[in-house]
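In what follows, a structure is listed as structure tokens, so that the remarks can point back to it.
The values are calculated or read from the model by the stated rules, or taken from the named source; none is laboratory data. Just so it is clear, the structure is predicted and the values come from calculations on it, not from any experiment. Every residue, glycine as well, gets a Cβ built from its backbone with ideal geometry; the counts of neighbours run over all protein chains shown. Side chains are part of the model used for accessible areas, which takes the heavy atoms of the whole protein and leaves out ligands, DNA and RNA. Shrake-Rupley method; radii C 1.70, N 1.55, O 1.52, S 1.80 Å.
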Amino acid sequence: MPANDRPAVSVLGLGMMGTALAAAFLRAGHPVTVWNRSPAKTGPLVAQGALPAETPADAVAASPLIVVCLLANENVEDVFATLSADVAGKTLVNVTNGTPAQARQLAAWAAEHGAQYVDGGIMAVPQMIAGPHAYVLYSGDEQAFAAHQPTLAALGGAKWVGADPGLAALNDLALLTGMYGMVMGVMQAYALVRTEDIAATEFAELLVPWVGAMLTGAPEWAKAIDSGQHLTDVSSLAVNQAAFPNFLAAFRDQGVSTELIDPFQGLLDRAIKEGHAADGLSRIADLLRVDTYENSVRVADA
Ligand code: NDP
């Protein structure tokens, strides 16, 4: 297809990620219009063939598909507030990191202004965009998503997660939570071994296969969580509760802060108090639900 037959796309926000997105659309042959609060950032993309827009409204007018990538959804709200009538008939794909509630609110704003809204969660760093491991979670207006999917394919894979506009953010934050859990554990472990001058690089040779092997248990936990059958013959909450004080004591003895892991002891203690001693670690996902927690507080106070 000749380049000028490809649908046009506008990108609002040219930080590290927005720049990577706009560059990927250009490489795929789409006419790309770009806007950024600080106009200097349009320069490198204009050199690659993008058209600079002076205002968000100019960028919106240039294309049927508008990809928004700002720092936070508060910034998106501010920019949208300058647009109002300009967005009628346009598809807004907002890949700014945010909460499910924010996505639902932005979708409602778009509906009021006659625009289609798709929320996105980018599961990649800028250098991965358009590569084989990059993908974007999408939710919201399914018809608009389907219409623009061939253009969005320039960014990498696409995973549709549902018509509720909040679901892309929900899945995105859940995936990143898994990552942060791993980061917290790995950093806590490195901090401990460094107190005895063991090189982190040397310890990584033990840590990486161990964490990888433990992660293979995640699908089994998922089955237990979905079925509500938490009884285990692998590693009971009672065994974990008995061992966990050793972690806290060892960290304190070795001079490592326990601020990241202290709350886990309280959670294990609550699990035992509520009668889940024989259950596996999967029970924790249920205990973390605030409705469950509030119930347990009521029981404890009664
Ligand atoms: P940057 O800090 O590089 O860019 C932030 C962008 O937001 C810039 O274009 C900036 O404009 C704009 N901006 C900030 N405040 C305002 C405002 N008040 N009004 C208008 N524009 C504003 O961030 P990234 O590009 O890295 O990230 C953008 C989004 O992508 C974030 O939500 C991030 O969580 C998400 N993301 C980023 C990933 C990454 O690895 N970088 C990975 C996955 C998602 P200006 O240039 O004028 O400051």
Practice prompt. Would you confirm whether any residue within the range 90-108 is aliphatic (A, V, I, L, M), under 14 Å from the mean Cα position of the chain (by Cα) and within 11 Å of the ligand (Cβ to nearest atom)?
Written response: yes
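Residue by residue, here is whether (1) surrounded by fewer than 24 Cβ atoms within 10 Å (Cβ to Cβ); (2) within 18 Å of Ala61 (Cα to Cα); (3) within 16 Å of the ligand (Cβ to nearest atom) holds:
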site: Ala8; (1), (2), (3): yes, yes, no
site: Leu12; (1), (2), (3): no, yes, yes
site: Ala24; (1), (2), (3): yes, no, yes
site: Lys41; (1), (2), (3): yes, no, yes
Practice prompt. Please work out which residue is nearest to Ala154 (Cα to Cα), limiting yourself to the range 109-136 and to residues that are away from the ligand (no atom under 11 Å from the Cβ) and part of a loop (DSSP other than H, G, I, E, B).
Written response: Ala130
Item to complete: Considering (1) surrounded by 16 or more Cβ atoms within 10 Å (Cβ to Cβ); (2) of a type outside the set (S, T, N, Q); (3) in the same structural domain as Thr19 (by TED's automatic domain parsing); (4) assigned to a helix (DSSP H, G or I), say which one Val193 fails and leave the rest.
Response: (3)
Item to complete: Taking the residues in the range 209-221 that are touching a helix residue (DSSP H, G or I) at 6+ places or on another chain (Cβ under 9 Å) and free of Cβ contacts under 8 Å to residues at least 40 places away in the same chain as candidates, determine which candidate is surrounded by the most Cβ atoms within 10 Å (Cβ to Cβ).
Response: Val211
Worksheet item: Just wondering, is there one or more residues in the range 138-146 that are surrounded by fewer than 19 Cβ atoms within 10 Å (Cβ to Cβ) and over 23 Å from Gln102 (Cα atoms)?
Response: no
Practice prompt. Report, by residue number, each residue of the range 68-87 that is in a helix (DSSP H, G or I) and either within 14 Å of the ligand (Cβ to nearest atom) or surrounded by fewer than 19 Cβ atoms within 10 Å (Cβ to Cβ) (or both).
Written response: Asn73, Glu74, Asn75, Val76, Glu77, Asp78, Val79, Phe80, Ala81, Ser84, Ala85
Item to complete: Please report, ordered by residue number, the helices (runs of 4 or more DSSP H) entirely within the range 210-286 with at least 3 residues that are of a type in the set (Gly, Ala, Ser).
Response: 218-227, 237-254
Worksheet item: What number goes with the only condition from (1) closer than 18 Å to Leu71 by Cα; (2) touching a residue at least 60 places away in the same chain (Cβ under 8 Å); (3) open to solvent by 40 Å² or more (accessible area, probe 1.4 Å) that Asp172 does not pass?
Response: (3)
Practice prompt. Return yes when Leu65 is within 10 Å of the ligand (Cβ to nearest atom) and assigned by TED's automatic domain parsing to the domain that holds Glu142 and no when it is not.
Written response: no
Worksheet item: Which residue out of Thr55, Thr33 is more than 20 Å from Gln127 (Cβ to Cβ) and open to solvent by less than 20 Å² (accessible area, probe 1.4 Å)?
Response: Thr33
Worksheet item: Since Ala20 meets every condition but one in (1) more than 9 Å from the ligand (Cβ to nearest atom); (2) under 14 Å from Leu155 (Cα atoms), which condition does it not meet?
Response: (1)
